[in-house]
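Everything below concerns the one structure shown next.
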Amino acid sequence: MDASATAAEPIPPEVPREAGAGAAGAVFVARGLTKTYRVGELEVPALRQVDLEIGAGEFIVILGPSGSGKSTLLNILGGLDTPSSGEALFRDHVLSGATEAELTRYRREHVGFVFQAYNLIPSLTARENVALVTEIAADPMRPEEALARVGLADRMDHFPAQLSGGEQQRVAIARAIAKRPDVLLCDEPTGALDCKTGITVLRAILDSNRQLGATAIIITHNAAIAAMADRVLYLADGLVARIERNAQRREPEEIAW
Ligand SMILES: Nc1ncnc2c1ncn2[C@@H]1O[C@H](COP(=O)(O)OP(=O)(O)OP(=O)(O)O)[C@@H](O)[C@H]1O
Ligand SMILES: [Mg+2]
């Protein structure tokens, strides 16, 4: 596991809390969030007592070395995984301790996911890929609107193989936002993309955050992307090493890597 420069920093427990938006406006609260994976005889600590608050509408970037627990944290907040101990709340829903059925419903109603792999169905067009989700959502936007929001109005009837990587990722974002999620959780959304293409994807995420009010959390290995965030969360060895607030945020088109 890669040890980052931030790993050695002492972590005053009050830092993550005071940097948050306050429990009242919080979309996510984590208290003592701990995840230990068991692989045979081996215990692998992925998160160790994470305390965190994320406010409604915030744009958060998570940075940290490989294995620092970024995906584990995002997966617990998104109801894809459960903690070993500690508490995770989405508004007044307690995610820690929720049943599989409750988590499924939580994900369906509130969470949009975007992963590095686009996970589109190759035999369906862009429109049909988005429609798969809108068919089961409570108050979805039309697939056409979702695709137009990510700049793909003229690519609706293309199959994934007929789209560039950045376009496919924007279809994945359209699919995630079409159900009007409260939170948009993105795990290395630009990981497979070059800079120019990555910027179009970041633009689509930022617009969804601003125009739809979706709280956005983006995991990245790319420190340049941190400049877009309201706050940057640095994870190291399963801990929140520090949280920084950007005094001034950059637009995606202003950053490069
Ligand atoms: N399903 C699992 N079973 C066992 N160990 C796991 C599992 N998922 C993650 N881990 C371990 O937990 C730790 C944190 O993993 P996690 O995937 O959260 O890291 P990450 O910060 O997202 O890394 P990367 O940047 O490489 O994606 C790692 O040591 C990893 O090996
Ligand atoms: Mg990861």
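The values are calculated or read from the model by the stated rules, or taken from the named source; none is laboratory data. Small disclaimer: the values here were computed from a predicted structure and weren't measured. Glycine gets a Cβ as well: all are built from the backbone with ideal geometry, and neighbour counts include every protein chain shown.
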Exercise. Is one or more of the residues making up region 33-56 away from ligand 1 (no atom under 12 Å from the Cβ) and aromatic (F, W, Y)?
Worked result: no
For this session: Might you let me know whether region 109-126 holds any residue that is touching a His at 6+ places or on another chain (Cβ under 9 Å) and of a type in the set (F, W, Y)?
Result: no
For this session: Determine the pairs where a residue that is on the phi > 0 side of the Ramachandran plot and at pLDDT 95 or above, located within region 41-61, has a partner that is more than 16 Å from ligand 1 (Cβ to nearest atom) and hydroxyl-bearing (S, T, Y) with Cβ atoms under 7 Å apart, the partner being 6 or more residues away or on another chain.
Result: G57/T215
For this session: Within region 57-76, track down each residue that is more than 6 Å from ligand 1 (Cβ to nearest atom), closer than 25 Å to L212 by Cβ and not in a strand (DSSP E or B).
Result: G57, E58, L73, L74, N75, I76
For this session: For region 91-105, name all the residues that are closer than 20 Å to A138 by Cα and not in a loop (DSSP other than H, G, I, E, B).
Result: H93, E100, A101, E102, L103, T104, R105
For this session: Answer yes if at least one residue in region 205-220 is out of contact with any helix residue (DSSP H, G or I) (no Cβ under 8 Å at 6 or more places or on another chain), surrounded by fewer than 17 Cβ atoms within 10 Å (Cβ to Cβ), farther than 18 Å from I173 by Cβ and not basic (K, R), and no otherwise.
Result: no
For this session: Name every residue in region 207-236 that is touching a residue at least 12 places away in the same chain (Cβ under 8 Å) and basic (K, R), in order of residue number.
Result: R231
Problem set entry | Matching residues in region 106-132 - criterion: being in contact with a Gly (Cβ under 9 Å, 6 or more places away or on another chain) and assigned to a helix (DSSP H, G or I) | Y106, R107, H110
For this session: State the number of residues belonging to region 154-206 that are of a type in the set (G, A, S), in contact with a strand residue (DSSP E or B) (Cβ under 8 Å, 6 or more places away or on another chain) and within 16 Å of ligand 1 (Cβ to nearest atom).
Result: 0
For this session: Tell me, please, whether a residue that is within 30 Å of G67 (Cβ to Cβ) and in a loop (DSSP other than H, G, I, E, B) can be found in region 198-216.
Result: yes
For this session: Could you run through region 231-256 and say how many residues are loosely packed, with under 14 Cβ neighbours inside 10 Å and in a strand (DSSP E or B)?
Result: 1
For this session: Quick one: which residue in A148, A174, A161 is touching a Lys or Arg at 6+ places or on another chain (Cβ under 8 Å), part of a helix (DSSP H, G or I), farther than 29 Å from A46 by Cβ and among the aliphatic types (A, V, I, L, M)?
Result: A174
